[in-house]
Amino acid sequence: MSRFGSIAAQIKPIIFVVGICFLLLLILLWWPESRPPPWTQAEKSILNTLNITNLPVLKPDPSNAVADNLHAAKFGQSLFFDTRLSGNGKVACATCHQPQRRFSDGLSKAVALGQSQRNTPSIVGSAYSPWLYWDGRKDSQWSQALSPLEDPAEQGSNRMYLARLISNDSFYAKTYVELFGELPDFNDTSRFPENAGPMSYPLWNQAWLNMTAADQYLLSQVFANLGKVLAAYERKLMPGPARFDEYVNAVLHEDDTLPANELFNSQEIEGLRLFIGEAGCLQCHNGPLLSNNEFHNTGLLPFPGEVPDQGRSKGVEILKNDPFNCLGPFSDEMSHQCQEFTYMRTGSVVLGSMRTPSLRNLGGTAPYMHKGQLSTLAQVMEHYNAAPLALIGHNEAKPLGLSKKQLGQLELFLNTLDAPLSTADEWLLKPDSSTLGNFTE
Amino acid sequence: MNIMRSINLLVSCLLFVLYAPSLLAHGSVVAEGDLCLIKIGFYTSHFKIFQPLASKEREFCEDIPASGESIFVMEYRHQELANVPIEFRIINNITGKGRFAKLEDVQAIKDIDAITVFYQPPTIEPQVFTALHNFEQEGNFLGIVTVKHPQTDQYYSAVFPFSVGVNSWGLIPLFVCFALLAQLIYWTSSGGFGRWRIATKTKSNKRNGFVIKCRPMLILATSFLLMGASSETTRAQPSWVSDSGSLTVTFKSEINPLPINQMHNWTLHLQDQNGMPVANALITLTGGMPVHNHGFPTNPVMTQYLGNGDYRVEGIRFHMQGDWVLNLVITTVDFMDTVLISVTL
């Protein structure tokens with residue numbers, strides 16, 4: 001026994017040294033491989049397409065004559081935060097589109113006067129989208145801004161009440177007249193009742209039907225103009241550069257900026273590699289806003305207690321019949337081009353599809369998807385990895401077969417897209433009533 | 001070999017037993033391949049039931065495994081269904097005929113409302129029919145879909161019996177257990193266990209052989225991938241010849257290079273074999289991305305003949321990078337021809 005014991009004691013240090021050497025060798029072999037390979041030229045050019053510095057200058061909105069008017073934007077900002085625009089005096093646009101949450105609300109489905117049908121999307125960068133709402137049932141920001149004002153589940157007001165509110169508020173009335181000319185005189189209660197508006201509570205609806213077509217038109221004109229000043233404000237809400245953009249800049253100009261590897265760790269780099277490659281995310285999430293603003297069916301399960309949402313196929317029909325669409329009488333688009341509207345895709349090909357959201361506002365916008373069905377990004381990754389059958393229509397995504405580790409890398413990468421808005425802070429607050437009317441460029 | 005044969009036999013028996021219920025589809029819902037069809041008079045539609053809370057996207061043809069929230073979906077095969085009101089009713093199956101209940105049995109019921117558990121009044125659904133019912137209890141039910149004839153006052157009904165949460169397998173699970181047990185006894189008594197042990201010892205050698213066999217395939221696959229990667233860099237050709245060979249088509253985009261996510265217009269130029277412009281043609285456009293199996297995000301339209309063989313096409317938008325195709329159908333008084341234009345963004 002003692003002889004064996006002494007041999008063992010002699011061998012022990014040898015085993016120890018050999019073991020250490022072996023470990024070092026393993027680390028040496030493994031180490032260079034764990035560093036992500038450099039980006040190829042083709043990959044670099046793809047990265048550049050996602051860079052926020054390549055976000056084009058916002059084109060004018062021909063359907064909204066005051067879209068880029070600063071006074072209109074200030075007016076719109078006041079309206080955006082004004083709870084008087086609601087039926088109970090407690091709900092403003094900002095109730096659901098909260099600045100500190102990237103202009104969404106952190107709920108599965110919005111809660112205002114009632115519960116809305118879908119998840120509150122962020123407004124940030126939405127001026128770039130030809131379509132608004134998850135189902136694209138609106139084709140301009142100004143037209144979109146009108147719906148919640150009259151929706152009984154949202155602000156639950158009516159256009160008659162709103163028009164009178166504007167004409168009775170000195171700042172609103174003054175700015176309105178300056179932008180759009182004289183307001184109609186609403187004092188004649190035989191022509192203009194207290195409350196009136198279509199598709200609302202039965203009494204308001206009846207009051208609306210009792211009005212003459214000419215007065216209805218006058219009222220809808222004022223109503224549309226409120227949407228246009230709200231849109232002038234919303235056009236200012238733009239995403240700012242994120243760590244991702246810094247990284248892309250560093251990769252593209254390796255000589256004169258921070259080394260790229262200090263901006264992204266290897267997990268985030270691998271996540272980005274998956275994003276632009278194997279995971280196929282770029283098919284829909286492309287361009288500097290990481291959205292093609294198109295409609296896709298990705299096989300999400302319906303919200304509990306609801307039938308599957310038909311999405312775009314219904315949105316198209318609503319849009320066609322909307323008096324506030326691009327071709328309608330309240331649009332300022334004089335040439336009647338409205339190409340997006342004219343050439344939109346309709347029918348069963350868009351059944352169950354929803355608009356691709358930008359990925360630049362993920363930070364404050366959970367839960368995700370059109371009904372807020374998925375509460376974390378990890379669940380979103382798993383959903384796309386599985387690409388389940390769609391209950392209606394067909395899921396355009398295909399199963400990815402990625403590992404848990406890879407899904408984690410994708411998620412880490414997505415977090416690098418989060419950044420504060422590039423919009424100046426003064427636009428992100430309820431304007432101080434004492435400064436109303438003081439415009440600074 | 002003997003074992004293999006008996007396993008084969010067992011598997012085929014099992015398969016038959018497992019699939020037999022769908023072969024025996026009853027009422028107005030019938031199985032057709034992987035799909036379920038419902039026949040409502042002369043109308044037909046795909047039919048499926050989901051229980052998303054319990055079993056996510058799993059599809060059921062008729063019988064559903066448990067009570068709870070259930071969604072009925074009809075995707076029309078007969079497009080006329082998109083224009084007619086569809087009425088849907090679920091009643092307790094009190095006909096006494098069970099799975100063989102028919103429309104006549106339903107018509108014989110005096111007070112149908114008393115046994116109705118779900119009713120959706122007639123509505124027109126242009127794209128897809130959906131209905132949701134939360135089954136509070138398990139049991140046997142009858143689904144009744146009623147549709148009006150598009151012109152006449154004729155009504156058509158489909159009746160399909162289905163069960164909720166009731167074990168519809170009958171004696172099948174017991175049969176499967178017995179069959180498996182019998183097989184196991186036969187196998188061990190005939191020395192199968194010994195042969196299995198010998199077989200596992202040689203398995204590792206086989207596995208090496210598999211890798212070696214696969215290696216050429218791996219190389220082949222890699223070279224395919226490389227070929228795919230290199231094709232990304234090839235640029236679009238300047239002109240395309242029509243399928244009959246008699247036309248040449250070129251295009252000019254008002255934005256170059258071709259943009260993503262931006263609506264824009266093209267000018268198409270058509271010329272014949274002699275290089276002469278082709279005037280007064282009608283051009284229709286369809287297309288998309290064959291690799292991703294989807295069409296254009298828009299409906300591009302030829303809006304104007306500009307003269308000199310030039311045609312204005314409006315409403316083109318590409319929404320992702322990759323290979324796109326446009327199928328042009330060109331019609332004049334003299335001929336009809338087709339051209340496939342492919343562009344890579």
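Only the coordinates and a few stated rules stand behind these numbers; no lab work does. As the structure is a prediction and not an experimental result, all values here were calculated from the model. Don't worry about glycine lacking a Cβ; one is built from the backbone with ideal geometry, like all the others, and counts go over all protein chains shown.
Label sites at residue B:109 and residue A:423, each approximated as a point 7 angstrom past Cα along Cα to Cβ, lie 5.6 nm apart. Seen from every direction in turn and averaged, the convex hull around the alpha carbons of the stretch A:339-425 projects onto 8.1 nm². Taking 4.7 Å between C-beta atoms as the pairing limit, chain A has these partnerless cysteines: A:21, A:93, A:96, A:281, A:284. If you take the charge dipole of the stretch A:213-322 about its Cα centre, with +1 on Lys and Arg Cβ and -1 on Asp and Glu Cβ, which of A:307, A:263, A:319 is farthest toward its positive end? In the stretch A:213-322, that residue is A:319. Rounded to the nearest 10 degrees, what's the angle between the helix A:170-180 long axis and the longest principal axis of chain A, both from Cα atoms, 0 to 90? Value to nearest ten degrees: 90. The average projected area of the stretch B:55-190, computed from the convex hull of its Cα atoms over all directions, is 11.6 nm². Comparing A:38, A:367, A:148 in a Gaussian network model of chain A, where Cα atoms under 10 Å apart are tied by springs, the biggest mean-square fluctuation is seen for A:38. For chain A, a crude dipole built from +1 on the beta carbon of Lys and Arg and -1 on the beta carbon of Asp and Glu, taken about the Cα centre, is about 1280 debye to the nearest 20. Between amide H atoms placed 1.01 Å from N, distances below 5 Å from residue A:423 occur with A:238, all of them 5 or more places distant or on a separate chain.
Hey, how much of the P(r) for the stretch A:70-237 falls beyond 19 Å, as a percent of Cα pairs?
54
Scattering from the stretch A:262-346 was approximated by placing one identical point on each alpha carbon and applying the Debye formula without solvent; log10 I(q)/I(0) at 0.18 1/Å stands at -0.96.
Reported to the nearest whole Å, the Cα centre-to-centre distance from the stretch A:353-377 to the stretch B:31-93 is 30. Among A:135, A:82, A:105, the residue with the largest mean-square fluctuation in a Gaussian network model of chain A, with springs joining Cα atoms closer than 10 Å, is A:82.
Relative to the longest principal axis of the Cα atoms of chain A, the long axis of helix A:404-415 lies at roughly 50 degrees. Computed over neighbours whose Cβ is under 9 Å from that of residue B:48, the net charge equals -2, Lys and Arg +1, Asp and Glu -1. Entry for the protein assembly as shown at q = 0.05, 0.09, 0.11 Å⁻¹: log10 I(q)/I(0) = -0.38, -1.10, -1.40, Debye formula applied to identical alpha-carbon scatterers, no solvent contribution. Here the dipole of the protein assembly as shown is about 3540 debye; that uses its Cα centre as origin and unit charges on the Cβ of Lys and Arg (positive) and Asp and Glu (negative). Helix A:141-150 and the longest principal axis of the C-alpha atoms of chain A enclose an angle of approximately 70°.
Expressed as cubic angstrom per residue, what is the convex hull volume of the alpha carbon set of chain A? It would help to have the intermediate numbers written out before the result.
Details: hull volume 92.8 nm³, N = 441.
Here the figure is 210 Å³ per residue.
Of A:138/A:371; A:314/B:39; A:90/A:138, which pairs sit farther than 21 Å apart, going by alpha carbon to alpha carbon? Distance filter (> 21 Å) returns A:314/B:39; A:90/A:138.
Binning the alpha carbon pair distances of the stretch A:63-152 at 5 angstrom intervals from zero yields the distribution 3, 13, 23, 28, 22, 9, 3, expressed in whole percent. Inter-part distance, the stretch B:307-345 to the stretch A:281-323, computed on C-alpha centroids, equals 27 Å. Close amide H pairs (under 5 Å, H built 1.01 Å from N) link residue A:97 with no residue at least 5 positions away or on another chain. Dipole magnitude for the stretch B:239-344: about 260 debye, using +1 per Lys or Arg Cβ and -1 per Asp or Glu Cβ, origin at the Cα centre. Across the stretch B:29-101, C-alpha contacts under 8 Å between residues 6 or more apart give a mean separation that, scaled by the residue count, equals a relative contact order of 24 percent. Mean-square fluctuations from a GNM of chain A, with a 10 angstrom spring cutoff on Cα atoms, peak among A:53, A:95, A:120 at A:53.
Can you find, among B:31, A:211, A:431, the residue farthest towards the positive end of the dipole of the protein assembly as shown? Put +1 on the C-beta of Lys and Arg, -1 on that of Asp and Glu. The one lying farthest along the dipole's positive direction is B:31. The convex hull of the Cα atoms of the stretch A:159-256, projected and averaged over all directions, covers 10.4 nm². Sorted ascending by nearby beta carbons within 10 Å, beginning with the fewest, B:312, A:345 become B:312, A:345. Placing unit charges on each Cβ (+1 for Lys and Arg, -1 for Asp and Glu) gives the protein assembly as shown a dipole about its Cα centre, and among B:41, A:222, A:94 the Cα reaching farthest toward its positive end belongs to B:41.
Rounded to the nearest 0.05, the FRET efficiency derived from the C-beta distance between residue B:54 and residue B:31 at R0 = 25 Å is 0.65.
Per residue, the Cα convex hull of the stretch B:263-333 amounts to 99 Å³.
Remark on the stretch A:304-388: Rg and Dmax equal 16.7, 47 Å (Cα only). Fewest-first ordering of B:40, B:316 by other beta carbons within 10 Å of each residue's beta carbon gives B:40, B:316. Kirkwood hydrodynamic radius of the stretch A:17-167, from the reciprocal of the average inverse Cα-Cα distance over all distinct pairs: 19.4 Å.
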